[in-house]
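These notes concern the structure reproduced below.
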Amino acid sequence: MNFTHFDLGNLNKGRVVEVHLTGNAANVFLIDSANLARYKKCSEFQAVGGLMRSTPVRLQTSHTAHWHVIVDLPAGTGSVKSSYRVLNSSDVTITSDKLLNFKPSIAQKRAVSALAMKTPVAKTVSAEPVSKESIVCKMCGREVAGGKFCPDCGTSLDKKCPQCGIIAAATSKFCVECGYSL
């Protein structure tokens with residue numbers, strides 16, 4: 001599965017976590033450890049958050065627990081950079097503070113079924129490629145130096161803009177950062 005994970009440690013009820021996104025809209029979940037395990041197994045889970053199209057995203061913990069931030073791309077394509085901070089002040093506008101039920105996304109289901117078909121377990125990768133010279137396959141996690149398809153699983157690879165180096169979805173015709181024709 002292709003997601004970014006930040007371990008926040010133990011936080012008391014009512015703490016505010018601010019997440020900044022650059023790139024595509026993304027799912028941002030503030031999730032406790034028990035629900036993180038469900039998320040990773042592609043089961044229904046509970047979290048604060050959801051699909052976010054603008055930043056900063058401010059989420060508030062619903063109870064005292066060990067908390068995590070998960071950022072994933074709901075369609076499994078595109079790219080997003082993320083960062084977070086835990087705010088000291090509680091007098092900020094909150095984006096979300098309700099614990100909601102979520103079902104696994106189509107991208108999560110595809111990733112889990114692809115992993116189940118492979119004998120070795122693929123490693124979890126972040127939503128960003130590990131180097132600017134290569135692209136990480138969004139399905140199996142393999143780092144690929146070039147080409148249109150992953151040599152391990154055959155999935156269409158995202159494109160790297162030759163002008164600015166930003167990673168764009170395989171179906172993109174223009175770079176979202178500089179407008180260069182892909």
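The values are calculated or read from the model by the stated rules, or taken from the named source; none is laboratory data. The model shown is predicted, which means the values in this text are computed figures rather than measured ones. A quick note on method: Cβ atoms are made from the backbone with ideal geometry, for glycine too, and the neighbour counts reach across all protein chains shown. These accessible areas exclude ligands, DNA and RNA; they are computed on the full protein's heavy atoms, side chains included. Shrake-Rupley method; radii C 1.70, N 1.55, O 1.52, S 1.80 Å.
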- Query: Hey, if we sort Glu143, Glu177 by accessible area with the 1.4 Å probe, largest down, what's the order?
  - Reply: Glu177, Glu143
- Message: Let me make sure I get this right: for the range 1-107, a, b and c are the square roots of the gyration tensor eigenvalues over alpha carbons, sorted descending. Under 1.5 in a/c it's rounded, otherwise prolate if a/b > b/c, else oblate. Which is it?
- Response: oblate
- Note on the structure: Counting sequence-distant residues (5 or more places) and residues on other chains, those with an amide H built under 5 Å from that of Leu157 are Phe149, Cys150
- Please turn the phi angles of the range 167-173 into ³J(HN,Hα) values with the Karplus equation 6.51 cos²θ - 1.76 cosθ + 1.60 (θ = phi - 60°), one per residue in order, whole Hz, x for glycine and proline. 8, 10, 4, 4, 8, 5, 9
- Contact order normalised by residue count of the range 8-109, Cα under 8 Å, 6+ apart, percent: 42 percent
- For a quick protection proxy, order the peptides 64-74, 161-171 by their average other-Cβ count within 10 Å, most packed first. 64-74, 161-171
- Task: Using amide H atoms built 1.01 Å from N in the peptide plane, name the residues 5+ places from Gly14, or on other chains, whose amide H lies under 5 Å from its own.
- Result: Thr61, Ser62, His63
- Which shape class applies to the range 1-51: rounded if a/c is under 1.5, otherwise prolate when a/b exceeds b/c and oblate if not, where a ≥ b ≥ c are the square roots of the Cα gyration tensor eigenvalues? oblate
